[in-house]
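Reading through the structure tokens given below for one structure.
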Amino acid sequence: MSEVLDEWDELNTDFKELEAHNRAYLKHLEELSGYQKKCQEHIKHQRYRIGIITKKLSKMPKTKENEAQIAELENSILTRKAQLYEIEQTLPKENGLYLKIILGNVNVSILNKEEKFKYKDEYEKFKLILSSICFVMAILNYCIRFRALELSYIFLLVWYYCTLTIRESILKLNGSRIKGWWRFHHFFSTVAAGILLVWPDNDTWLEFRNQFVLFNIYLSFVQYLQFRYQRGVLYRLKALGERHNMDITIEGFHSWMWRGLSFLYPFLFAGYIFTFYNAYTLYKLSFYPSATWHVPVLCAMFFILFLGNTLTTIMVIPIKLHERVKLQYRIMSQRLSSQLLYSKENEESEKQSEDKKLE
């Protein structure tokens, strides 16, 4: 009994230490909340004052005397805005409208950089796992004609795209630079999958069914290629410390990235052509006597997806090429400067050796 009581006394001592740590933790938590509010107030004040200064600058006439000062101040304002943006990424943010509707006022801000990277990594893994499941289910649907399996597969697509919209909204809140079209694409795909789910099992569906399943098999394959490319880029850039941890659409560019993109683009455009072919097939099916409202609506939606994906990707290519040229120019400049520095150091060392010989 005495041994048990001794252990309990030892445990009480440990518990008192736990209480002390907890009190310190709560105190620091209150201090943290106070600092966060102060930082947010300072950011608002900075942006308000920057807005006033920018308005005054726009109204100020440029002369030879003040032109250089105005240009310098404009550059300083741009730098300050970038600095404020970086500081803002370390502070909690209010949920957007979509997250408020789905989650309420639950705070989903991720303040730790490593945790942000982990969340982004989990997002990529989630897409890969669900794409693999969709790939298997699509093959089963292609081989087996069973209505319950079809509905289960389409319901999975609805849930998948709906979950992506939530996860991407959280990523966007935490500083991700994902392009607006790709977020809209997943909202749009959720609606399209919902319409497919309620499409009656009639002649038009049977005509389109196999083509739709093949389309999703191909999409799963392309999504796997995108996962391999994006994850490789994310890890390399994180290792180099050159990009934001929450980037989905990669804005920075390197020569080794272009090789990956040049390999990926043909598969992407083949998928876009397949999307257009879906729209064309649905257009023809809309003239069938058994065609319901689902057919023309889906036809229009597939065509919008084709246009949006194609135009967005085409617009990105010249940006990437331009960034590649800038990168090559920067690399050449760095090499030239390093060579000049090296030759200068050699000259100085040779001069020092000659001076020593003369001495």
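The values are calculated or read from the model by the stated rules, or taken from the named source; none is laboratory data. The structure presented is a predicted model; accordingly, all values stated were derived computationally and were not measured. Because the Cβ atoms are built from the backbone with ideal geometry, glycine has one as well, and the counts that use them run over all protein chains shown.
Residues in the range 28-79 that are among the β-branched types (Val, Ile, Thr) and assigned to a helix (DSSP H, G or I) were compared, and the one that is modelled with the lowest pLDDT is 70. A single member of 144, 166, 139 is over 12 Å from the mean Cα position of the chain (by Cα) and free of Cβ contacts under 8 Å to residues at least 24 places away in the same chain, and it is 144. Under 8 Å between Cβ atoms, at least 6 apart or on separate chains: pull out the pairs that start in the range 99-111 with a residue that is within 25 Å of residue 35 (Cα to Cα) and end on any residue that is part of a loop (DSSP other than H, G, I, E, B) and aromatic (Phe, Trp, Tyr). Close Cβ pairs (under 8 Å, with a partner that is part of a loop (DSSP other than H, G, I, E, B) and aromatic (Phe, Trp, Tyr)) do not exist here. If the condition is being among the hydrophobic types (A, V, I, L, M, F, W, C) and either out of contact with any helix residue (DSSP H, G or I) (no Cβ under 7 Å at 6 or more places or on another chain) or part of a helix (DSSP H, G or I) (or both), then the range 80-96 contributes 82, 84, 87. The sole residue among 129, 101 that is among the hydrophobic types (A, V, I, L, M, F, W, C) and within 19 Å of residue 224 (Cα to Cα) is 129. If you go through the range 292-306 and pick out every residue that is buried (at least 17 other Cβ atoms within 10 Å of the Cβ) and of a type in the set (A, V, I, L, M, F, W, C), you end up with 8. Residue 318 fulfils the conditions (1) assigned to a helix (DSSP H, G or I); (2) modelled with pLDDT of 60 or more; (3) surrounded by 10 or more Cβ atoms within 10 Å (Cβ to Cβ) except for a single criterion, (3). Looking at 65, 86, just one residue is acidic (Asp, Glu) and surrounded by fewer than 10 Cβ atoms within 10 Å (Cβ to Cβ), and that residue is 65. Residue pairs whose Cβ atoms lie under 7 Å apart, separated by 6 or more positions or on different chains, with the first residue in the range 275-295 and among the hydrophobic types (A, V, I, L, M, F, W, C) and the second outside any helix (DSSP H, G or I), are 285/291; 295/286. Of all the residues in the range 179-217, those that are touching a residue at least 40 places away in the same chain (Cβ under 8 Å), of a type in the set (Ser, Thr, Tyr) and within 19 Å of residue 160 (Cβ to Cβ) number 1.
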